[in-house]
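All remarks here apply to the structure that follows.
The values are calculated or read from the model by the stated rules, or taken from the named source; none is laboratory data. For clarity, every value in this text was computed on a predicted model and none was experimentally measured. Using ideal geometry, Cβ is built from the backbone for each residue, glycine included, and neighbour counts are taken over all protein chains shown. Just the protein is used for accessible areas: all its heavy atoms, side chains included, with ligands, DNA and RNA removed. Shrake-Rupley method; radii C 1.70, N 1.55, O 1.52, S 1.80 Å.
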Amino acid sequence: MWASQRAGAVPGSVFALMDAAKERARAAGRAVVDLSIGSSDLSPPEAVLSALRGATRDPGTYRYPLFSDTAPLREAAARYLGRRFGVTVDPQTEVLPLIGAQEGLAHLLLAVTDPGDTLLLPDPGYPPYLGAAAVAGVRVAPLPLREDTGFLPDLDALPQELRPRALLLNYPNNPTSAVVDDAFFPRVAAWCRERGTLLIHDHPYAELTYDDYRAPSALQAGLDGVVELHSLSKTHHMGGFRVGFAAGDAGAIAALARVKGSVDFHPYLGIQRAAALALDLPEALGRQGAAVFQARRDALVPALRDQGWAVAWPQASMYAWARVPGLRDSVAFAVRAAEQTGVALSPGAAFGTQGEGYVRLALVQPPEVLLEAARRLGGVGV
Ligand SMILES: Cc1ncc(COP(=O)(O)O)c(C=O)c1O
């Protein structure tokens with residue numbers, strides 16, 4: 001009775017179904033291996049934890065943080081973008097702390113779109129994108145990401161007359177693990193500028209990259225009409241801290257600050273200090289977690305391929321995205337797999353219609369557990 005039309009428009013999540021399936025597996029006495037959620041199982045660097053501990057003992061951190069209090073984090077974010085991507089941003093006008101990229105995106109859509117505007121959204125894509133779009137009241141135009149184009153968008157295949165208000169992309173990609181080269185964002189930004197479209201790039205996996213691959217930033221295509229969302233959740237294993245930042249087009253950042261100003265008071269100052277320290281860490285320290293995920297990829301992907309699943313070799317992110325031969329109903333398969341084997345994975349259909357036939361496994365367990373999970377999954381029929 002009290003749900004607004006806006007709340008009613010937010011799509012339900014199949015993860016509730018998966019939760020129930022995991023519960024049934026536990027009740028049947030099975031050891032559950034949960035690979036369905038991309039939450040890092042590693043700890044933040046010790047220096048980051050120590051900064052947070054220290055901050056909790058400083059009464060100066062207990063008050064509401066005002067915009068001026070966020071300067072150290074904004075400046076650390078600007079230093080990071082300069083050092084890592086060669087991008088110059090003004091920390092005063094082109095950077096804003098977030099309570100995670102997910103919060104940032106939901107409020108950014110409220111800040112830069114009007115109800116009825118069109119938003120181009122990747123399919124498959126991170127499920128909360130659809131919820132954020134529903135809350136903002138925008139019309140979603142799906143942008144298919146297909147295996148035959150390396151899960152990259154084919155913008156030239158879209159109708160010439162399409163003039164979306166915003167295009168949302170995410171590379172390294174969740175769920176497909178696809179990555180892009182340095183030429184990608186300049187090309188996409190040019191497409192957007194021709195149409196008066198804001199390019200929003202969700203970049204939480206910026207540093208979770210393997211081998212010699214380094215992810216580019218959309219901001220390298222210029223800040224005009226581009227906003228990028230960064231997060232400490234994956235790169236520094238700080239998902240529970242809820243902290244990230246937005247950077248880019250000063251007009252869009254100002255609009256976001258205006259909306260957020262009526263919603264929140266920025267992250268806790270201690271978390272801001274910890275995040276600023278994390279962003280200033282030398283690259284080698286910041287990349288220790290990436291090496292752990294890379295070793296897990298090296299274990300799991302060949303094991304999945306051995307059982308006939310088609311898995312692209314991930315160069316980044318924390319997922320294996322697998323096409324399962326003959327799979328028609330990935331949700332039913334994922335529920336059955338959890339009930340029969342205790343291994344929980346994400347059904348591809350949870351990420352959009354283009355995700356059907358696929359499953360996503362998060363690399364959030366040590367290699368030996370992933371190998372055991374692959375062995376158990378091999379016995380589940382499609
Ligand atoms: C593509 C993508 N964006 C955003 C998030 C959430 O980031 P944060 O923890 O900063 O809100 C995730 C988490 O899985 C994600 O995969």
Taking only the alpha carbons of the range 284-360, what extent do you get along each of the three principal axes, in Å, biggest first?
-> 42, 25, 21
Amide H of residue 225: which non-local residues (sequence gap of 5 or more, or other chain) have their own amide H closer than 5 Å, using H built in the peptide plane?
-> 249
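Would you calculate the convex hull of the Cα atoms in the range 182-232 and tell me its volume per residue in Å³?
Details: hull volume 3.2 nm³, N = 51.
Dividing the Cα hull volume of the range 182-232 by its residue count gives 64 Å³.
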Over all alpha-carbon pairs in the range 130-288, figure out the percentage whose distance exceeds 22 Å.
-> 48 percent
Roughly how much of residue 313 is accessible, in Å² to the nearest 10, using a 1.4 Å probe?
-> 100 Å²
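Based on Cβ point charges of +1 for Lys and Arg and -1 for Asp and Glu, what charge dipole magnitude is obtained for the range 22-73 about its Cα centre, in debye rounded to the nearest 20?
Value, rounded to 20: 300 debye.
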Each label sits 7 Å from Cα toward the beta-carbon; between residue 331 and residue 193 the label points are separated, in nm, by 4.3 nm
Value of [θ]222 nm, deg cm²/dmol, for the chain, DSSP H segments ≥ 4, -39500 (n - 2.57) each, nearest 500 | -11500 deg cm²/dmol
May I have the convex hull volume per residue, in Å³, for the Cα set of the chain?
-> 151 Å³
For residue 319, distant residues with modelled amide H under 5 Å away = 363
Over what distance in Å are the Cα centres of the range 313-375 and the range 121-188 separated?
-> 22 Å
About the Cα centre of the range 46-285, what is the dipole size in debye to 20, counting +1 per Lys and Arg Cβ and -1 per Asp and Glu Cβ, all else neutral?
-> 740 debye
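Over the range 295-382, with every protein chain in place, what whole percent of the accessible area is carbon and sulfur at 1.4 Å, could you tell me?
Details: 1570 of 3070 Å².
Accessible surface attributable to carbon and sulfur in the range 295-382 totals 51 percent.
Which order do 176, 93 take by accessible area at a 1.4 Å probe, largest first? Before the final figure, lay out each step's value.
Values: 176 5, 93 65 Å².
Descending accessible area places them as 93, 176.
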Kindly report the accessible area of the range 46-285 per residue (heavy atoms of protein chains, probe 1.4 Å, no ligands, DNA or RNA), in Å².
-> 39 Å²
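Taking square-rooted eigenvalues a ≥ b ≥ c of the alpha carbon gyration tensor, is the range 206-351 rounded, prolate or oblate, where a/c under 1.5 means rounded and, failing that, a/b exceeding b/c means prolate?
Numbers: a/c = 2.05, a/b = 1.73, b/c = 1.18.
Prolate, because a/c is 1.5 or more and a/b exceeds b/c.
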Say the dipole of the chain comes from +1 at the beta carbon of Lys and Arg and -1 at that of Asp and Glu; which of 153, 36, 261 then lies farthest toward its positive end?
-> 36
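Distances longer than 25 Å among the Cα atoms of the range 1-132: what percent of all pairs is that?
In whole percent, the long-distance tail amounts to 55.
Pop out the carbon and sulfur fraction of the accessible area of the range 46-285 as a percent, whole number, probe 1.4 Å. Intermediate values should be presented prior to the final figure.
Working: 5230 of 9400 Å².
Ligands and nucleic acids excluded, carbon and sulfur give 56 percent.
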